[in-house]
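The values are calculated or read from the model by the stated rules, or taken from the named source; none is laboratory data. Nothing here was measured: the structure is a model prediction, and the numbers come from that model. We place every Cβ from the backbone using ideal geometry, glycine too, and count neighbours over all the protein chains shown. Just so you know, the surface numbers come from the protein's heavy atoms only, side chains and all, with ligands and any DNA or RNA stripped out. Shrake-Rupley method; radii C 1.70, N 1.55, O 1.52, S 1.80 Å.
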Amino acid sequence: MKIVFATGNKGKLREAADLLGPDYEVVSMEEVGIVEDIEETGETLRENSIIKAEYVYEKTGLNCFADDTGLMVDCLDGAPGVHSARYATEGHDFNANIDKLLSEMEKHPGEPRTAHFSSVVTLIWNGEKHFFEGTFNGRIAERRAGNGGFGYDPVFIADACPDHSVAELPISFKNEHSHRAKALKAMAEWIRKQDR
Ligand code: ITT
């Protein structure tokens, strides 16, 4: 079944293709001719996830979904949150974002380093919107470890595997436990029910 993932993030695409498996043909925006960045002007994850899904639906008329994710760090009052992609610069620079996160956290010595990711997925299915959510609990490491994953994974230590950063673990770990995995599994389950 063909479905467009309204994302410009290759890491998200890889995870979704692996998670949804052979029943789905997960198509990138590029493959349907959308190469421009979609401006995320919303103030919440839900608003941004709707903006991305609607943009692709309006251009293609195809069933599609978008994910908007934020990393909420407790000692930073929930920052970077909805601004996670552009925390340090406008340019989606994963390394600069991690540098800024670690330096902001140095201003809070002795405070808990607990954090969580939250994802909101908007699915547009036959023109109607449906929403799915997931969270992933853990804490922020003092320094980077690992080369896998993307974004904040080198400094995110999941409660489900407290001895490693998520970037040190295989994609199968994220696809079992992560914020986006939970939301996408709920979406896949919903789609399965429509086929019956
Ligand atoms: P799209 O909007 O094109 O999907 P994006 O990278 O801009 O891609 P978001 O707007 O959802 O994605 O921004 C969330 C940021 O949070 C993203 O750039 C990463 O830095 C980070 N992020 C999202 N999911 C993550 C994950 O599973 N692991 C680590 N960091 C993640």
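Table for the structure above
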{"item": "Residue list for segment 154-182, filter: at pLDDT 95 or above, within 11 Å of the ligand (Cβ to nearest atom) and either among the β-branched types (Val, Ile, Thr) or under 21 Å from MET105 (Cα atoms) (or both)", "result": "PRO154, VAL155, PHE156, ALA158, SER165, VAL166, ALA167"}
{"item": "Condition check for THR89: touching a helix residue (DSSP H, G or I) at 6+ places or on another chain (Cβ under 8 Å) and at pLDDT below 95", "result": "yes"}
{"item": "Residues of segment 62-93 that turn out to be under 29 Å from ASN126 (Cβ atoms), crowded, with 18+ Cβ neighbours inside 10 Å and of a type in the set (A, V, I, L, M), as a count", "result": "2"}
{"item": "Unmet criterion (only one of (1) at pLDDT below 95; (2) within 14 Å of the ligand (Cβ to nearest atom)) for LYS2", "result": "(2)"}
{"item": "From the options GLU31, GLU43, GLU39, residue that is over 14 Å from the mean Cα position of the chain (by Cα) and not in a loop (DSSP other than H, G, I, E, B)", "result": "GLU31"}
{"item": "In segment 13-52, the residues that are open to solvent by less than 20 Å² (accessible area, probe 1.4 Å) and charged (D, E, K, R)", "result": "GLU15, LYS52"}
{"item": "Pick from segment 114-142, criterion more than 16 Å from the ligand (Cβ to nearest atom) and charged (D, E, K, R), ranking: least open to solvent (accessible area, probe 1.4 Å)", "result": "LYS129"}
{"item": "Residue check, THR7 surrounded by 15 or more Cβ atoms within 10 Å (Cβ to Cβ), among the β-branched types (Val, Ile, Thr), under 18 Å from the mean Cα position of the chain (by Cα) and assigned to a strand (DSSP E or B)", "result": "no"}
{"item": "Where a residue in segment 68-82 is closer than 21 Å to ALA6 by Cβ and its partner, wherever it lies, is at pLDDT 95 or above and polar (S, T, N, Q), with Cβ under 6 Å and at least six apart", "result": "ASP68/ASN48; ASP68/SER49; THR69/SER119; GLY70/SER84; GLY70/SER118; LEU71/SER84"}
{"item": "Those residues of segment 46-76 which are of a type outside the set (A, V, I, L, M, F, W, C), assigned to a helix (DSSP H, G or I) and either under 27 Å from ILE171 (Cβ atoms) or over 15 Å from the mean Cα position of the chain (by Cα) (or both), in sequence order", "result": "ARG46, ASN48, SER49, LYS52, GLU54, TYR55, TYR57, GLU58, LYS59, THR60, ASP74"}
{"item": "Candidates GLU15, GLU30, GLU25 - the one that is near the ligand (Cβ under 8 Å from one of its atoms) and more than 20 Å from HIS83 (Cα to Cα)", "result": "GLU15"}
{"item": "Options LYS185, LYS193; residue that is open to solvent by 30 Å² or more (accessible area, probe 1.4 Å), out of contact with any Leu (no Cβ under 8 Å at 6 or more places or on another chain) and away from the ligand (no atom under 11 Å from the Cβ)", "result": "LYS193"}
{"item": "In segment 157-196, the residues that are among the aromatic types (Phe, Trp, Tyr) and farther than 23 Å from ILE98 by Cα", "result": "TRP190"}
{"item": "Breaking point among (1) more than 10 Å from the ligand (Cβ to nearest atom); (2) touching a residue at least 60 places away in the same chain (Cβ under 8 Å); (3) part of a loop (DSSP other than H, G, I, E, B); (4) of a type outside the set (Phe, Trp, Tyr), for GLY151", "result": "(1)"}
